[in-house]
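The values are calculated or read from the model by the stated rules, or taken from the named source; none is laboratory data. Quantities reported herein were computed from a predicted structural model and do not represent experimental measurements. Positions of Cβ are generated from backbone atoms using ideal geometry, with glycine treated the same way; all protein chains shown enter the neighbour counts.
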Amino acid sequence: MGSAIRRLQKRSKAKRLLSELMYDSEHILVIHYSCESFYDRPSGTSPRITSIAVKNFDTGQTKSFSVHQMAERRGVLHKIDQVYDVLEKEMLDEFYKYVHAHSGFKWLHWNMRDVNYGFEALEHRYKVLQGEPQEIPEQNRIDLNRLLIAIYGVGYIGHPRLTMLIEKNKISSKDFLTGADEAEAFINKEYVRLHFSTLRKVDDLANIAYRADQGSLKTNTTWKEYWNCIPQAIGEWFKEHWLASLLLGIIGIIGLIIGLIQLF
């Protein structure tokens, strides 16, 4: 199958999936989380989780889970680093209770795809802390970034994509921290800043998904780049399907006969 046909099929599938998600928005949860840097870890330990935010797309209500909230409840805000593992475990306990209560929901995320940063990373960290995570089925995990690549093309925005997309669409970036900023904030024990950044990001992801579904999301993809694969796909289809080739042959023969008749 030709490359243009595959691109067109992927785009159609991604647009259809996004439309279905928006139609069933009461069962869509937007998730993002912040953690310790997962780079430069010579000890090999997994990065600790700081905060998790989950937004119901339909109601707009956001549920947050954070280390500093656990610390405030315990009255240990002044010594979070001394009891971090205990607080992190309690935070993940609550998060996975929430996951269990929302079985069957779709989880819209941004690049949460592996054990470095993703659902597997959350599960692994919880297991390290002797917890038993409730698995979120892979088919219920929807990567918004990959959807946008399928719809608009791999060059739809520059890197870092989320930051650049927010800037291009003039979406609020209040409290938003980049990955590097989050790593530094963790080192500086600025857990509240990390919490606010996570809350901001689920709002922004929901905003981006809505605009993409409405066709109002601004990207770097030009009109020509977006539509160019359609005539290419049509051409490839005619080349690859014997019936189409036969039809073209018949049309050509008819045209030749008509031309010959006109000569006489």
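Just a few scattered comments:
- Restricting the first member to region 20-31 and to residues that are more than 14 Å from Gln139 (Cα to Cα), and the second to residues that are surrounded by fewer than 16 Cβ atoms within 10 Å (Cβ to Cβ), the beta-carbon pairs closer than 6 Å and six or more apart or on different chains are Ser25/Asp58; Glu26/Asp58.
- Any hit, region 136-155, residues being more than 15 Å from the chain's Cα centre (by Cα), modelled with pLDDT of 95 or more, assigned to a helix (DSSP H, G or I) and surrounded by 15 or more Cβ atoms within 10 Å (Cβ to Cβ): no
- Residue match in region 87-98 (condition: outside any helix (DSSP H, G or I), in contact (Cβ under 8 Å) with a residue 24 or more places away in the chain, touching a strand residue (DSSP E or B) at 6+ places or on another chain (Cβ under 8 Å) and closer than 30 Å to Leu21 by Cβ): no
- Among the candidates Lys13, Lys63, Lys55, residue that is in contact (Cβ under 8 Å) with a residue 60 or more places away in the chain, within 19 Å of the chain's Cα centre (by Cα) and outside any helix (DSSP H, G or I): Lys55
- Residues satisfying the stated conditions in region 105-131, i.e. out of contact with any His (no Cβ under 7 Å at 6 or more places or on another chain), in a loop (DSSP other than H, G, I, E, B) and in contact (Cβ under 8 Å) with a residue 24 or more places away in the chain: Asn111, Met112, Asn116, Tyr117, Leu129, Gln130, Gly131
- Conditions (1) hydrophobic (A, V, I, L, M, F, W, C); (2) part of a helix (DSSP H, G or I); (3) closer than 22 Å to Asn188 by Cα; number of the one not met by Leu18: (3)
- Region 23-36, subset in contact with a Phe, Trp or Tyr (Cβ under 7 Å, 6 or more places away or on another chain) and not hydrophobic (A, V, I, L, M, F, W, C), residue farthest from Tyr98 (Cα to Cα): Glu36
- Residues that are of a type in the set (D, E, K, R) and either touching a residue at least 60 places away in the same chain (Cβ under 8 Å) or surrounded by fewer than 20 Cβ atoms within 10 Å (Cβ to Cβ) (or both), drawn from region 179-199: Asp181, Glu182, Glu184, Lys189, Glu190
- Considering region 58-115, the residues that are surrounded by 14 or more Cβ atoms within 10 Å (Cβ to Cβ) and polar (S, T, N, Q) include one that is farthest from Arg141 (Cα to Cα), namely Gln69.
- Summed over region 164-178, the residues that are in a helix (DSSP H, G or I) and either surrounded by fewer than 17 Cβ atoms within 10 Å (Cβ to Cβ) or charged (D, E, K, R) (or both) give a count of 3.
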